[in-house]
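The values are calculated or read from the model by the stated rules, or taken from the named source; none is laboratory data. Remember, it's a predicted structure, so these values are computed and weren't measured experimentally. Cβ: placed from backbone, ideal geometry, glycine included. Neighbour counts: every protein chain shown. Please note that ligands, DNA and RNA were not included when accessible areas were found on the heavy atoms of the full protein model with its side chains. Shrake-Rupley method; radii C 1.70, N 1.55, O 1.52, S 1.80 Å.
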Amino acid sequence: MKNLRDVWSSRFMHYIGEVQKYMQFIFTGHIAIVLVFLIGAGGYQYSEWLKVVQTDFPAEVLIAVIIGILLAFSRPTTLLREPDQVYLLPLESKMSLYFSKALAWTFWSQVWIVAIVYIVSIPLLKAVTELTTVEIWTIFLLTIVLKYLSVRGEFSYRYSERGQMVWVDRFIRAVIFAAAIYMGLHAQLLLAVIAIVISVVYMIVFSKKSVGEPVPYEHFVKLEQNRMMSFYRFANYFTDVPHLHGSIRRRSWMDWLYKFVPYGKENAQKYLVFRTFIRTDDHFYLWVRLTAISAIIAAFVDIPVVTWIVAGALSFATTIQLKQALLSSGEFRMDMLYPLPDHARQLAVKQIVRLAMISQAIVVGLCAMTQPMFYIAFIIVLVISELTSKVSK
């Protein structure tokens, strides 16, 4: 038992160290500025909307559905590795101690998301419902309890069913939790308690079903690998992750774009770089993600200054990351065998990045058309992009 505690502690410290190593690159200065403005702008618009919201707004249904879905997604963080399928087999009968620590971390690392969403919804509840402060915070405690049951329930289901049909389990739990929150928001605490009892019984059924079953190491290891790979892919948008190899997709539905590169020997590098940008997930989705964020802010935030700052910051982030990613191709390429000028690839990358940023500027400009001086967002994206491309190495 002491050995399992040591195993979890060492795994946990390594995991925290790995996350912190990449978080320092994710939450840089320009991202912090964007987040501050996003939170400030969102809070301002939310408060302004609460002043005019109708009393018949279905806040209870909306909050119950959102909280129910968030509660249902309770993927366990086990920190298991592939060698554990062999080396931890002798300790399988004592793995409950290891999993209890894993579930405790899973609960505390996920409960804050549900708590923040509920706390943000409290002003809306006070505006359109007659709930007292005591009732609102009682439902908050109910939400915390349901999150604990959800973490235990999803783990028991994955353990007993080997991870098969998890979406069915999540759908059932989402319905039960949404019903419990909805009943609580309507001050029908007895019905809310009944929904909690149902969720407890549901959890116990799969917990008892897993008794005597071997630990599904293969499923939990794969789940952990997918979770960490998702984090690494996200971190790779901000810094280089050495052991991450981005996947390549043809995206045949975008083949028509290659026609914009004229056929000719002088455009060989431009054609190759363009195909690299379109087909590489890391490069392509980086542009899509940052463009989408900038476009959403431009479309829904009615504060022009905030739109301009966010558009400028994301233009800088997109340009510098795309340029570095397209230039950092260190592996052997067939074009290295041909007598092309040394600066041909640098020039091609510069042209493709400029084309990508013009596209981003057009998208952001169109989304900002409802704002006064919407064209400024378009200009800012282009100017920041050009300056970043010229100054950066």
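Take the conditions over 18 Å from V301 (Cβ atoms) and open to solvent by 10 Å² or more (accessible area, probe 1.4 Å) and apply them to L89. Does it pass?
It is true that L89 is over 18 Å from V301 (Cβ atoms) and open to solvent by 10 Å² or more (accessible area, probe 1.4 Å).
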Problem - Residue among P216, P262 that alone is under 24 Å from A344 (Cα atoms) and either of a type outside the set (S, T, Y) or in contact (Cβ under 8 Å) with a residue 24 or more places away in the chain (or both) - result: P262
Completion exercise
Of the candidates T55, T106, the one satisfying the condition of being assigned by TED's automatic domain parsing to the domain that holds V145 and within 18 Å of the chain's Cα centre (by Cα) is T106
Practice task
Return the total of residues in segment 63-86 being open to solvent by 80 Å² or more (accessible area, probe 1.4 Å) and of a type outside the set (D, E, K, R).
Solution key: 3
Handout entry: Boolean, F12 is open to solvent by less than 70 Å² (accessible area, probe 1.4 Å), modelled with pLDDT of 85 or more and in contact with a Leu (Cβ under 7 Å, 6 or more places away or on another chain)
Key = yes
Exercise for the section: Kindly indicate the residue of segment 309-351 that is more than 30 Å from the chain's Cα centre (by Cα) and of a type in the set (K, R) and also modelled with the highest pLDDT among those meeting that condition. Expected result: R345
Handout entry: Some residue of segment 93-102 being surrounded by 12 or more Cβ atoms within 10 Å (Cβ to Cβ), within 19 Å of S230 (Cβ to Cβ) and out of contact with any strand residue (DSSP E or B) (no Cβ under 6 Å at 6 or more places or on another chain)
Key = yes
Exercise for the section: Kindly state which helices (runs of 4 or more DSSP H) lie completely within segment 156-249 and contain at least 1 residues that are assigned by TED's automatic domain parsing to the domain that holds L79 and modelled with pLDDT under 85. Expected result: 189-209, 217-235
Handout entry: Failed item in (1) more than 25 Å from T318 (Cβ to Cβ); (2) in contact (Cβ under 8 Å) with a residue 40 or more places away in the chain; (3) within 29 Å of the chain's Cα centre (by Cα), with V306 passing the rest
Key = (1)
Problem - Wholly enclosed helices (runs of 4 or more DSSP H) of segment 25-133 bearing at least 1 residues over 24 Å from Y15 (Cα atoms) and not acidic (D, E) - result: 29-52, 59-72, 95-128
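So that you can scan it fast, the table gives a plain yes or no per residue for (1) open to solvent by less than 80 Å² (accessible area, probe 1.4 Å); (2) at pLDDT below 90:
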{"site": "V117", "(1), (2)": "yes, no"}
{"site": "L125", "(1), (2)": "yes, no"}
{"site": "T129", "(1), (2)": "yes, yes"}
{"site": "V134", "(1), (2)": "no, no"}
{"site": "W137", "(1), (2)": "no, no"}
{"site": "T143", "(1), (2)": "yes, no"}
{"site": "S150", "(1), (2)": "yes, no"}
Fill in the blank from the handout: With criteria (1) surrounded by fewer than 14 Cβ atoms within 10 Å (Cβ to Cβ); (2) not in a loop (DSSP other than H, G, I, E, B), P262 comes up short on (2)
Problem - Total residues in segment 154-178, condition over 22 Å from the mean Cα position of the chain (by Cα), under 24 Å from I139 (Cα atoms) and open to solvent by 50 Å² or more (accessible area, probe 1.4 Å) - result: 2
